[in-house]
């Protein structure tokens, strides 16, 4: 099969797509770009917002239009939570957010069955194509997310040519934030055992990757389902030791993960990237309470201060939801003030998206789209100012940069703190090189190789 995969959503989806690519190529299939003609299109969907659902539907329709004769297979969180809506789009296979190997097994069987139908039709006389024998009655392989108890082990890595690999170490979430459907799409917490994580990290190092990103739906919960009593920092120490030549980067953290003990131990790891994404969502305690977040701004700021105590100019990034139900103008101003107090290196800003099936969708005080867009614009202005201030602090400094690709005559990569760096050079792909920073531009640093 010639297979093209499109991925929507988070780093966990990216990891699972990389794993499917690895399995497919290992079975002798060809993986191509999604915009090209293919025998099979796989869409790995997201459902974190209603907008994500809409994007998923659009990609599915686009694949069907691109090649009406191809098989279209859909997996991921949107397919898990609303398989009926996916089936209505005329797809051939629906999988959920788990058991990706069984999903690929079924896909291969459907492909073999499709080819047999074509061969049989041609034997009867005339020339038939896959498009003429299709029935578009979707085969469904969607299990119950809430009943999952075992971590699904998939090969980390992906297609050749990538500089960093995702290593999924955790799945599931039980926080049940008021705006979020993901606990229902992913199920309870499941953790990759420590020894398996170490083995995967060592294998990725042998395969030539230069960085590993530890990812999961909620990696701060890693180990809670295991009997060892281990916590996330134990995992981080083990992975750093298993792949000492690789940079190790952490996915999004629940703020309460950051404690004095966590920071003391993390700061001793020479290959741990000093980049910490602490999910905030709001800088107002009243809003955080309505969101059913498990911390307040005092505890959040404690985490920020601890990271800056133990790391030199760490990248501290976050997510922000504006226009959550009931958010008043005063509450939003509190959030802006708290953003400035934390002085983030980058902020991802999302206008609240009403998601059916969540408590927030039924809350009073829904904010208009116009107000949400205005608040997003104002928050973005604050975020840009903070980002530029952070970038300027590195002018004249030398940063270690992992180069990824060349664009417009400049090589582009990321420093350990996840700041984008651009520099002239030749054949720098997958190299880690020292770069003298010469200027802070809008959203990135310019420099020259040392």
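Coordinate-derived values only; no laboratory data. This one's a predicted model, so the numbers in the text were calculated from it and none came from an experiment. Glycine gets a Cβ as well: all are built from the backbone with ideal geometry, and neighbour counts include every protein chain shown.
Helix 100-124 and the longest principal axis of the Cα set of the chain meet at an angle near 30°. Between residue 61 and residue 120, the modelled labels are 3.4 nm apart [label points 7 Å from Cα along Cα→Cβ].
One Cα centroid belongs to segment 362-390, the other to segment 417-450; the line between them spans 30 Å. Highest-first packing order for the peptide set 284-293, 419-428, 139-148 is 284-293, 419-428, 139-148, based on the mean count of other beta carbon atoms within 10 Å. (1) 52, 25, 22; (2) 38, 28, 22; (3) 46, 23, 19: which one is semi-axes √(5λ) of the Cα gyration tensor in Å as calculated from this entry? The value matching this structure is (2).
Rounded to the nearest 10 degrees, the inclination of helix 369-392 to the longest alpha-carbon principal axis of the chain is 60 degrees. DSSP beta bridges fully contained in the chain are about 35 percent antiparallel. Compared with the dominant Cα axis of the chain, that is its longest principal axis, helix 194-206 is turned about 80°. For the chain, the relative contact order works out to 10 percent when only alpha carbon pairs closer than 8 Å and six or more residues apart are counted.
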